[in-house]
Amino acid sequence: MKLKMSQNSIFAVLLRSPWWMSAGVALLLCVLGFAALPLEYAAMGVFAAVPFAVISIMAAYKQLRAPSGARVQFVTEAAAAMSWAEFSRTVQAGFQRDGCEVERLQTPGADFALSKDGHVAIVSAKRWKAARNGVEPLRELQAVREKRGAREAIYIALGEVSDNAIQYARTQGVSLMTAPELAKLLKDLKA
């Protein structure tokens, strides 16, 4: 059984927030523990602060690994200027660098099949330049995923993704690879 954290829990919100917010909550709990409780119970404030300190470390690690805004902007502009042939080669190289075996697909709705550690993911990337992405390409991707029995589906989009498409992706378990995630994948792309 895989446990999943609620998106609206305080810990999930703090993981998405700047690291210093969790560190501030941890520090506040420690200070309040020593200020408000008798000395023999003051350690309770420290123990209450531990989960927030851990979240702070996790958030800091995640934020340090994230590409900068300038890097995301550069990759977005570079990818938008590429032809399909160039973009598909670049994306394929990025997936291979991440340890995936990449198979090119000639199927409507899917462009790549990735294999890693016995798991298969289907990727749709051909509409990466679309200004607005709706539900239909995600449905096509999901159909290919189901037909091939793939564990995961990934849709690459630099443009805006409609609210309906985001909702569909959530309910079907389709991962949206937008500009920040693409910047991580294409980390070797040079200026």
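The values are calculated or read from the model by the stated rules, or taken from the named source; none is laboratory data. The shown structure was predicted, so the numbers you read here are calculated from the model rather than taken from an experiment. Cβ coordinates were reconstructed from backbone atoms using ideal geometry, including for glycine residues, and neighbour counts include every protein chain displayed. Surface areas here come from the heavy atoms of the whole protein model, side chains and all, with no ligands, DNA or RNA. Shrake-Rupley method; radii C 1.70, N 1.55, O 1.52, S 1.80 Å.
Annotations
- A residue that is closer than 24 Å to Ser68 by Cα, among the small types (Gly, Ala, Ser) and in a helix (DSSP H, G or I) occurs somewhere in the stretch 24-36.
- Contacts under 8 angstrom Cβ, first residue in the stretch 94-111 being surrounded by 12 or more Cβ atoms within 10 Å (Cβ to Cβ), partner of a type in the set (Ser, Thr, Tyr) and not in a strand (DSSP E or B), 6 or more apart: Asp111/Ser88
- Filter pass, Ser68 being in contact with a Cys (Cβ under 9 Å, 6 or more places away or on another chain) and more than 19 Å from Glu140 (Cα to Cα): no
- Flag if Ala49 is open to solvent by less than 80 Å² (accessible area, probe 1.4 Å), assigned to a helix (DSSP H, G or I) and modelled with pLDDT under 90: yes
- Scanning the stretch 133-191 for residues that are in contact with a Gly (Cβ under 8 Å, 6 or more places away or on another chain), part of a loop (DSSP other than H, G, I, E, B) and either closer than 21 Å to Ala70 by Cβ or of a type in the set (Val, Ile, Thr) (or both) returns Leu186, Lys187, Asp188.
- For Ser6, the conditions (1) open to solvent by 60 Å² or more (accessible area, probe 1.4 Å); (2) assigned to a helix (DSSP H, G or I) are fulfilled apart from (2).
- Meets criteria (under 27 Å from Leu182 (Cβ atoms) and at pLDDT below 80) for Lys4: yes
- Filtered by the rule that a residue be open to solvent by 40 Å² or more (accessible area, probe 1.4 Å) and either in contact (Cβ under 8 Å) with a residue 12 or more places away in the chain or of a type in the set (A, V, I, L, M) (or both), the stretch 76-93 gives Ala80, Ala81, Trp84, Ala85, Ala93.
- Filtered residues of the stretch 116-132 (kept if in a strand (DSSP E or B) and either modelled with pLDDT of 95 or more or open to solvent by less than 20 Å² (accessible area, probe 1.4 Å) (or both)): Ala121, Ile122, Val123, Ser124
- Filtered by the rule that a residue be open to solvent by 30 Å² or more (accessible area, probe 1.4 Å) and within 16 Å of Phe95 (Cα to Cα), the stretch 133-191 gives Glu152, Ser175, Leu176, Thr178, Pro180, Glu181, Lys184, Lys187, Asp188, Leu189.
- Residue within the stretch 118-137 that is over 20 Å from the mean Cα position of the chain (by Cα) and farther than 27 Å from Asn164 by Cα present: yes
- Of residues in the stretch 66-89 being aliphatic (A, V, I, L, M) and not in a helix (DSSP H, G or I), the one farthest from Ser124 (Cα to Cα): Ala66
- Output for the stretch 90-110, where each listed residue is in a helix (DSSP H, G or I) and within 12 Å of Lys126 (Cα to Cα): Val91
- Residue list for the stretch 89-112, restricted to those being in contact with a helix residue (DSSP H, G or I) (Cβ under 7 Å, 6 or more places away or on another chain) and either basic (Lys, Arg) or more than 23 Å from Leu189 (Cβ to Cβ) (or both): Thr107, Pro108, Gly109, Ala110
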